[in-house]
Structure formats: structure tokens, C-alpha cells
Ligand code: FEO
């Protein structure tokens with residue numbers, strides 16, 4: 001869809017110069033973007049001119065055109081990078097060609113990442129929590145907000161106009177050319193989904209960041225994506241805080257919950273899963289959840305992975321490999337969040353049984369703690385095999401309980 005190439009006034013000094021992307025179908029290849037998205041960048045027309053972030057490279061001509069219509073780019077003194085993922089930094093190298101004297105400002109990690117991304121020398125200033133930058137008649141203050149959702153992230157606060165630039169925090173993939181929260185209609189669905197996929201694994205850091213801005217006098221929050229929050233920013237900070245707390249409570253409350261995730265071509269591996277589950281439950285105070293990977297949505301998988309402390313993965317071996325739904329499970333495992341969770345594998349096979357070892361190798365790389373055995377059976381698990389499966393499940397359950405105590 002053709003997007004309107006508009007510049008919007010956020011305040012007397014701040015202008016939105018971002019890009020509207022109605023056509024994006026998925027973001028980071030991990031989330032669908034049914035409402036499109038925006039890449040928000042801002043021009044601060046202070047005595048020393050500054051830009052906050054730079055939009056995705058795809059929008060280069062439009063983006064640089066907006067800047068040129070506002071100022072001679074050589075007059076830009078600072079480019080603030082709150083975050084360096086290429087949807088924020090994609091046009092930095094092009095902007096620096098037009099503004100070679102500009103100083104790039106970011107956290108230590110941000111500057112290091114940018115040096116690798118840009119591949120050319122540029123002036124930079126590393127800042128940390130509490131540092132200020134004088135723009136002549138205005139002042140920017142930097143607020144450390146790491147791991148939301150990269151180590152480089154920080155917020156920038158324009159003191160005189162009480163505007164907080166928050167990069168991905170409080171953002172949403174929601175594209176509407178009106179751009180302001182009071183003009184675009186409800187975007188709560190998009191906001192909630194964005195939080196769940198991008199920020200929820202970093203809830204601990206979200207709460208720390210919210211604590212840091214709690215006493216700030218804020219008029220407007222300008223996130224990196226989606227509507228600018230000028231009429232009801234508190235609502236979106238409150239939603240983020242409530243969701244982060246709920247997530248942490250869920251994770252901490254349930255010590256031993258085993259997720260049994262399986263895929264089954266003819267029901268044999270499913271039968272194994274049922275026997276293993278019985279064994280796991282007999283090990284002690286353990287809750288179990290069973291999920292069929294062939295039909296589970298990515299959202300369900302994510303939900304279950306968040307809640308479990310242990311993971312059992314079952315797959316038949318077909319053509320000396322495991323199956324596509326199991327690879328989808330791998331993509332849903334987040335080593336930052338799931339590191340150290342106990343795991344084991346099982347599966348039925350006909351001629352050879354490579355699937356379990358392939359799964360184990362992947363789980364190990366994803367930083368799960370592997371049980372020292374797996375359950376592998378030819379075809380259907382009849383009586384003797386089912387007893388063995390229950391024994392395997394019980395041993396794994398004991399291992400899971402022990403690991404929680406450590
Ligand atoms: Fe909007 Fe983490 O990029």
C-alpha cells in the first residue's frame with residue numbers, strides 16, 4: 001500500500017519523521033504483523049539539532065527526503081540510537097553520509113553493535129544511566145533500560161518538553177497514518193501481542209525500567225513502533241507492568257511442571273507420550289501438560305514453554321530425521337528464558353531411530369539440561385515396553401524434581 005509521506009508535529013520542537021509499513025507480513029520472522037507497523041524516528045529542532053533513531057533501510061529515500069525538507073542534514077549534531085536492531089538503525093549509515101559531523105549517541109553495547117553494522121568510522125558518544133546531553137536550549141537525559149529486548153536498549157527523555165523516547169518498550173506493530181493514540185482507534189490487541197512476543201521474556205527488565213521512569217514527569221511517550229502515546233501513555237505503562245508481573249508470578253509459582261511435546265504419525269509416539277506421562281506423575285509432586293506439536297499454534301507453544309520447568313520431546317524417526325513441527329518447537333525455545341530447564345526425548349521408529357539424538361543435540365545447543373537417557377522403541381509400545389516407558393518417565397520426573405531443588 002502507498003503510505004503517506006507526512007511529517008507530524010509531536011510538540012513545538014519534536015517532529016515525527018518515521019515510516020509507515022502497511023505491507024509487512026511478519027516481524028523478525030517470529031511474529032505476524034496483521035496491522036502492519038511503523039518505524040518511528042523523531043527530529044528535535046533544538047539549537048543543536050538531533051535525530052532519534054533512523055527507520056528501516058527499505059524506506060531510505062522517503063526518510064532522507066523528510067529530513068532534507070526540515071533541515072540541511074550537515075547541521076544535525078546528534079543522532080541518538082536507543083536501540084540498534086536494523087528496524088531502528090537501517091538508515092543510520094545513509095544519514096551519516098549526509099551528516100558526517102553528527103555524533104552517534106548510544107549505550108556502550110549500542111556503539112559496539114553499530115561499529116560492526118556500519119563498517120566505517122563515525123563520531124560517537126557512549127552514555128549511561130543519568131547522563132545528560134546539552135542541545136543548546138534543550139536537554140536530553142538518558143535512562144538505562146537494558147535487555148528490552150537487546151542488551152543495548154536505553155530510553156531518552158527530553159526534559160523541557162517531558163517527552164520520553166522508549167524504543168521498543170510501549171510499542172506495537174500497528175500502522176495508521178494518524179499516528180497518535182487518540183486518533184487511531186483501539187490498538188490494544190496489537191499492543192498486547194507485541195508485548196507478549198517481544199518483551200514478555202524480559203519482564204524482569206521491564207519492571208526495572210518502569211521503576212526508573214515512575215517519578216518522571218511525562219507528557220508523551222514516543223515508542224519505536226506504532227502509535228505515539230500522547231493522551232493515555234499511563235494505560236500502556238500499566239498494562240506492561242501488569243503483564244510483566246503476571247509473567248514472573250507464573251514462572252516462579254510453578255516449580256515442577258513437565259511439558260510433554262510430541263508429534264506422532266500413526267499414534268505410536270503419542271501412546272509412548274501417555275505412558276511416559278504416567279511415569280512422570282508417579283515421581284512425586286509434578287504437574288504435566290501434553291501438547292501435540294502438529295496442531296499447536298506458536299502462541300500455545302510459547303505459553304506452555306514459559307510455564308514449564310522441564311520438557312520432554314517425542315518424535316518418530318522418518319527418513320532418518322525428526323519432523324518439521326519439532327523444528328518449530330526449537331524456534332519457540334528461548335535460551336535466555338529456558339536455559340537450564342531439564343529435558344529428555346523419546347520416540348518410536350521402524351528401521352532406525354535418529355530423531356531422538358537429533359532432538360537432544362538441538363536441546364543441548366539451546367542450553368537445556370539433558371537427562372542422561374532417552375526412550376526409543378520400535379513401532380508400538382506394547383505391555384513390556386509400556387512398563388519401561390513408565391519407568392523412564394518416573395526417572396525423568398525424579399531428575400526434574402532434583403534439578404528444581406538445586
Ligand atoms: Fe524494533 Fe528490537 O526492534
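The values are calculated or read from the model by the stated rules, or taken from the named source; none is laboratory data. Keep in mind that this is a model prediction, so the values were computed, not measured. Virtual Cβ from ideal backbone geometry, glycine too; neighbours counted across all protein chains shown.
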### Message
Going residue by residue through the range 299-310, is there one that turns out to be assigned to a loop (DSSP other than H, G, I, E, B), at pLDDT below 95 and surrounded by fewer than 22 Cβ atoms within 10 Å (Cβ to Cβ)?
### Response
yes
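Having 3 or more residues that are within 23 Å of the chain's Cα centre (by Cα) is the bar; report the strands (runs of 3 or more DSSP E) wholly within the range 111-161 that clear it.
Strands (runs of 3 or more DSSP E) meeting the threshold: 139-144, 154-158.
Answer yes if at least one residue in the range 207-222 is under 15 Å from the mean Cα position of the chain (by Cα) and touching a residue at least 12 places away in the same chain (Cβ under 8 Å), and no otherwise.
Of all residues in the range 207-222, those under 15 Å from the mean Cα position of the chain (by Cα) come to none.
There is no residue in the range 207-222 that is under 15 Å from the mean Cα position of the chain (by Cα) and touching a residue at least 12 places away in the same chain (Cβ under 8 Å).
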### Members of the range 286-298 that are at pLDDT 90 or above, surrounded by fewer than 17 Cβ atoms within 10 Å (Cβ to Cβ) and in a loop (DSSP other than H, G, I, E, B)
294, 295
### Query
Taking the condition modelled with pLDDT of 95 or more, more than 16 Å from the ligand (Cβ to nearest atom) and touching a helix residue (DSSP H, G or I) at 6+ places or on another chain (Cβ under 6 Å), does residue 17 pass?
yes
### Residue in the range 69-104 that is farthest from residue 127 (Cα to Cα), counting only those that are touching a residue at least 60 places away in the same chain (Cβ under 8 Å), assigned to a helix (DSSP H, G or I) and more than 14 Å from the ligand (Cβ to nearest atom)
69
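This table checks each residue for (1) within 16 Å of the ligand (Cβ to nearest atom); (2) within 20 Å of residue 19 (Cβ to Cβ).
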position: 160; (1), (2): no, no
position: 190; (1), (2): yes, yes
position: 198; (1), (2): yes, yes
position: 209; (1), (2): yes, no
position: 217; (1), (2): no, no
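Within the range 178-189, identify whether any single residue is assigned to a helix (DSSP H, G or I) and either modelled with pLDDT of 95 or more or not assigned by TED's automatic domain parsing to the domain that holds residue 231 (or both), and answer yes or no. Steps first, please.
Pass one, the range 178-189, residues assigned to a helix (DSSP H, G or I): 188-189.
Filter again for either modelled with pLDDT of 95 or more or not assigned by TED's automatic domain parsing to the domain that holds residue 231 (or both), leaving 188.
Yes, some residue in the range 178-189 is assigned to a helix (DSSP H, G or I) and either modelled with pLDDT of 95 or more or not assigned by TED's automatic domain parsing to the domain that holds residue 231 (or both).
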### Task
Check residue 240 against each of (1) modelled with pLDDT of 95 or more; (2) within 16 Å of the ligand (Cβ to nearest atom); (3) in contact with a strand residue (DSSP E or B) (Cβ under 8 Å, 6 or more places away or on another chain) and name the one condition it does not meet.
(3)
### Query
Any idea which of (1) at pLDDT 95 or above; (2) outside any helix (DSSP H, G or I) is the one residue 266 doesn't satisfy?
(1)
